[in-house]
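Peer 1: Here it is, the structure in full.
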Amino acid sequence: MTNTTPPPSSSRTADTLIHARWILPVDGGHAVLENHSLAIIEGRIAAILPTAEAQTLWQSAHVLHLTDHALIPGFINTHGHAAMTLLRGLADDLPVLDWLKNHIWPTETAFVNEDFVYDGTRLAIAEMIRCGTTTFSDNYFFPNAAGQAALEAGVSCQLMFPVMDLPTAWAKDAAHYIYKGLEVIDRFRNQESIMVGFGPHAPYSVSDEILKEIATLSEQLDINIQMHIHESAQEVTEAVKSTGIRPLHRLGDLGLLSPRLQCTHMTQLNEGEIQLIALHGCSVLHCPESNLKLASGFTPVARLQQAGVNVALGTDGCASNNDLDMLGEMRTASLLAKAVAQDATVLSAWGALEAATINGARAMGIETETGSLEVGKKADIAAIAMNELENQPMYNPVSQLVYTCTRNQFTHVWSHGRLLMDNRHLTTLDEAFIKQKAHQWQVRISAR
Ligand SMILES: [Zn+2]
């Protein structure tokens, strides 16, 4: 027996070894691990342990000392229309129907094509990586172009191809959308980082017959459905007038309610409807800033969570937000939930962080793969520097993260162990080229 330190042969070699001031695992508890390290091997988390031990037990050719940083799970942005980032600030401060019918839809009709979606999605992904997002859900036309952009950038994507009765540049009727969507499923079948699902636009824009077909195909193929549901009071009132039934009940009658259904918005819910979605295990995708900007209404987050419903966060598209900042979305969600419930204890800082990470993974059915920092899961990680004057004094890193930090404090982002942002520099995307493309689209769209 000797007292010497273990020989090098007994230490393990990581592809990347990160020594961090804090690690927030978001693994079901509220642990804040101080002076801890995280080892990555083949894209997955191989170990999380105190730095003092890691320095003895682990070695790596890529060691980072993030001495003022917190490591958190990469954000999961569960709802958006990435390419619409090219329409950011085009039309603001308008009632939703005026905004859609007189501004967004005519612009989309004139300009949306494969190039628009590819360039717009790359702009969106660059913004999302810069604020700590490693997985996003997209619902837009020409999904092959969006999926290609995600693959090239190295982020994970849930690609929900649109389905609606109206013709667009991508498809001519609902059956054609489904036909093209099934091709998208085939296109990305072998890509682990791309999940494809159904994105029927809303109850008012898709017929009963097509919704039934989507319910059947979703079950047969075991793929998710994401839909804007009960976004505004007007949507519900008009549906009751034309069909005699509230949209959520109609979807229930058509067989759509299941754990595969991701219900976006849900600002108009009575107690029976909350129990209905809890019973069927549907998730709610809460987009508070879009709801506020379009004056859509208030999602009853606290009541949903009390009923056991999984509530995850999304930014929605940039045309109605106008950013893809999940840090800002967490803060807004937490503050708004308190105001709506008239209870300061609901959607705590930890609750908001869970909604932006593990709850999003749950909604997509990938919670065993990502959404928290745990050994065996994908190394989807964001590092945020917390040494700014504005973060002092530091009583509680989670409080700082949700209520104080701004998105420019993110320094490093890994997706499946691959470094996508290195000290604010994007490694897979050319920022100057993306800005140039955005400017070209701005010039063309402004001249319409
Ligand atoms: Zn949306």
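Peer 1: Show the residues, 5+ positions off or on another chain, whose built amide H is closer than 5 Å to the amide H of Met195.
Peer 2: Cys157, Gln158, Leu159
Peer 1: Under the classification rounded if a/c is under 1.5, otherwise prolate if a/b is larger than b/c and oblate if not, where does the chain fall, given a ≥ b ≥ c as square roots of the Cα gyration tensor eigenvalues?
Peer 2: It is prolate, given that a/c is not under 1.5 and a/b is the larger ratio.
Peer 1: Let me ask another. Note the direction-averaged projected area, equal to a quarter of the hull surface, for the Cα convex hull of segment 143-188, in nm².
Peer 2: 3.1
Peer 1: Something else: Run the numbers on the chain and let me know its relative contact order in percent, using alpha-carbon pairs under 8 Å that are six or more apart.
Peer 2: Relative contact order here is 20 percent.
Peer 1: Once amide H atoms are placed 1.01 Å from N in the peptide plane, what residues at a sequence separation of 5 or more from Phe141, or on another chain, have their amide H within under 5 Å of its amide H?
Peer 2: For Phe141, whose amide H was placed from the backbone, there are no distant partners under 5 Å.
Peer 1: Under the rule that an exposed site lies in a DSSP loop and has at most 13 other Cβ atoms within 10 Å, name the longest stretch of the chain with no GluC sites (Glu not before Pro) of that kind, not counting the sites themselves.
Peer 2: It runs 193-448.
Peer 1: Any chance you could count the Lys pairs in the chain whose alpha carbons are under 29 Å apart, treating pairs 8 or more apart or on different chains as valid?
Peer 2: Lysine pairs satisfying the spacing and distance rule in the chain number 18.
Peer 1: Further, regarding this structure: How about segment 361-437: which chymotrypsin sites (Phe, Trp or Tyr not before Pro) there lie in a loop by DSSP and see at most 11 other Cβ atoms within 10 Å?
Peer 2: Passing both the DSSP loop test and the Cβ count: Tyr395.
Peer 1: Could you give me D for segment 112-270, from Stokes-Einstein at 37 °C and 0.692 mPa s, where the hydrodynamic radius is the Kirkwood radius over C-alpha pairs? Units µm² s⁻¹, please.
Peer 2: The calculation lands on 202 µm²/s.
Peer 1: Pairing the Cα long axis of helix 174-187 with the longest principal axis of the chain, what angle in degrees results, from 0 to 90 and rounded to the nearest 10?
Peer 2: Orientation of helix 174-187: about 20 degrees from the principal axis.
Peer 1: In debye, nearest 20: dipole of segment 128-195 around its Cα centre with unit charges on the Cβ of K, R (+) and D, E (-)?
Peer 2: Magnitude of the dipole: close to 100 debye.
Peer 1: Please list, in chain and number order, the residues 5+ apart from Gln59 or on another chain whose amide H is under 5 Å from its amide H, with Hs placed from the backbone.
Peer 2: Arg12, Thr13, Ala14
Bear in mind these aren't lab numbers, they're just calculated from the coordinates by the rules spelled out. Everything numeric in this text was worked out from a predicted model, so none of it was measured. Don't worry about glycine lacking a Cβ; one is built from the backbone with ideal geometry, like all the others, and counts go over all protein chains shown.
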